[in-house]
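J.: Starting off with a structure, shown below.
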Amino acid sequence: MNQPELMDGESHRGGMMHPVLLGVVAIVGCTLLHLTGSFFLILDAQNPANRTLARVMIGVAQLLLMLAPTVMLARYAVGPVEQSLRLRPGPPFSYLAMGIAMVSLWPLLQTVLIAQELYLIPPDILASLKSAQENTESTYRLLLASDTPTGLLISIAIGALIPALSEEALYRGLGQGLFRQALRPAGAILLSGLLFAGLHFQPLAFLPLLGLGCFLGFVTERTGSIIPAITGHAMFNAVTIMGLSAVGEMPPELQKPPAITTELFLQSLPGAAVAMVILVLVILWFRKMQPAEPNAPV
């Protein structure tokens, strides 16, 4: 795996703070700042008259409360933004590979969700987690589901493009870059993935989010760039938003998700197996690629 240095022989400028601690503080702080600021806008979006403006302001809030602090921390605590956040173009075919990977991840992650509900989580705990998850999904539908092309484009900008840019800059750019100063690549990828999954505050989605976060971190390490990860993250979120919008257009009796049963799990296995093969091939392709700039500081 490519092991570039964050700066050309230099460590971060965070004084005496250990780079791992600085990375954790940066990720947790910027994420909680964004979530706190957005909370009041989400409440305002409950009113249909304010919904469009509130949705736009949520996107603006993520730019101001997550992306902007990330850029400032990268500049003043680490070094030049282009290097500390790995803002360089990725290899051209990496974007196509990310598209293929995101498509293959969907059936695989759905199978993981079914399996954990059937076999991993005790029923009494599962009931509480499902209730919390339904509230989260209801909020997402309220904010992002749309029945018009213009509304869908706004939703994709707010729910896919802006989060992908902001979160990848923070988690895979600044955070993972700092972790790499003290940890091996696999450790840095895992730590950024754990924070990414945990700070979404969706317990039922923790394992899928961990898998997604680790894959995006792996791609960032191989390409030396966060731009392919931004692309893949945006694709993943956009598919989710289009799915929410499509479900919203269905008759109420068809909107209810299927019951989670062993039969459903078995039916999902062939698709998950094909998806796994495709994803492994994509991972092997990334492992064999030469970094865009092997000796460039990132």
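J.: Out of the residues in the range 124-183 meeting the condition of being in contact (Cβ under 8 Å) with a residue 12 or more places away in the chain, among the polar types (S, T, N, Q) and assigned to a helix (DSSP H, G or I), tell me which one is surrounded by the most Cβ atoms within 10 Å (Cβ to Cβ).
T.: By that ranking, first place goes to Gln176.
J.: State the number of residues belonging to the range 188-240 that are surrounded by fewer than 20 Cβ atoms within 10 Å (Cβ to Cβ) and touching a Cys at 6+ places or on another chain (Cβ under 7 Å).
T.: So the answer is 1.
J.: Show the residue pairs that are 6+ apart or on different chains and have beta-carbon atoms under 8 Å apart, the first residue being within the range 281-298 and farther than 28 Å from Pro80 by Cβ and of a type in the set (Asp, Glu), the second being assigned to a helix (DSSP H, G or I) and at pLDDT 95 or above.
T.: none
J.: Looking at (1) crowded, with 19+ Cβ neighbours inside 10 Å; (2) closer than 28 Å to Leu142 by Cα; (3) over 20 Å from the mean Cα position of the chain (by Cα), which is the one condition that is false for Gln83?
T.: That leaves (2) as the condition not met.
J.: Based on this model, can you work out whether Leu73 counts as among the hydrophobic types (A, V, I, L, M, F, W, C), part of a helix (DSSP H, G or I) and within 24 Å of Phe206 (Cα to Cα)?
T.: The answer is no for Leu73.
J.: Kindly evaluate Gly90 against the criterion of being outside any helix (DSSP H, G or I), in contact with a helix residue (DSSP H, G or I) (Cβ under 9 Å, 6 or more places away or on another chain) and under 30 Å from Glu221 (Cα atoms).
T.: yes
J.: Moving on. Looking at (1) surrounded by fewer than 20 Cβ atoms within 10 Å (Cβ to Cβ); (2) modelled with pLDDT under 95, can you tell me which one Ile100 breaks?
T.: Condition not satisfied by Ile100: (2).
J.: For the range 71-96, name all the residues that are touching a Ser or Thr at 6+ places or on another chain (Cβ under 7 Å), under 22 Å from Pro19 (Cα atoms) and modelled with pLDDT of 90 or more.
T.: Listed by number, the residues that qualify are Ala74, Arg86.
J.: Out of all the residues in the range 244-251, is one or more within 19 Å of the chain's Cα centre (by Cα) and at negative phi?
T.: Among the residues of the range 244-251, at least one is within 19 Å of the chain's Cα centre (by Cα) and at negative phi, which makes the answer yes.
J.: Only one residue in Tyr95, Tyr119, Tyr76 is touching a residue at least 12 places away in the same chain (Cβ under 8 Å), among the aromatic types (Phe, Trp, Tyr) and more than 30 Å from Ser146 (Cβ to Cβ). Which one?
T.: Matching residue, one of Tyr95, Tyr119, Tyr76: Tyr76.
J.: Look at Arg75 and say whether it is more than 15 Å from Thr139 (Cβ to Cβ) and touching a Gly at 6+ places or on another chain (Cβ under 8 Å).
T.: Taking the combined requirement at face value, the residue does not satisfy it.
J.: Would you say Thr136 is polar (S, T, N, Q), farther than 30 Å from Ala273 by Cβ and under 20 Å from the mean Cα position of the chain (by Cα)?
T.: In short, no.
For every residue, the table says whether it meets (1) part of a helix (DSSP H, G or I); (2) under 30 Å from Glu82 (Cα atoms); (3) among the aliphatic types (A, V, I, L, M); (4) free of Cβ contacts under 8 Å to residues at least 40 places away in the same chain.
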{"residue": "Pro228", "(1), (2), (3), (4)": "yes, yes, no, no"}
{"residue": "His233", "(1), (2), (3), (4)": "yes, yes, no, no"}
{"residue": "Val239", "(1), (2), (3), (4)": "yes, yes, yes, no"}
{"residue": "Ala273", "(1), (2), (3), (4)": "yes, no, yes, yes"}
{"residue": "Met276", "(1), (2), (3), (4)": "yes, no, yes, no"}
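J.: On to the next question. Answer with yes or no whether Leu53 is modelled with pLDDT of 85 or more and on the phi < 0 side of the Ramachandran plot.
T.: no
The values are calculated or read from the model by the stated rules, or taken from the named source; none is laboratory data. Since the model is a prediction, treat every value here as computed from it, not as a measurement. Virtual Cβ from ideal backbone geometry, glycine too; neighbours counted across all protein chains shown.
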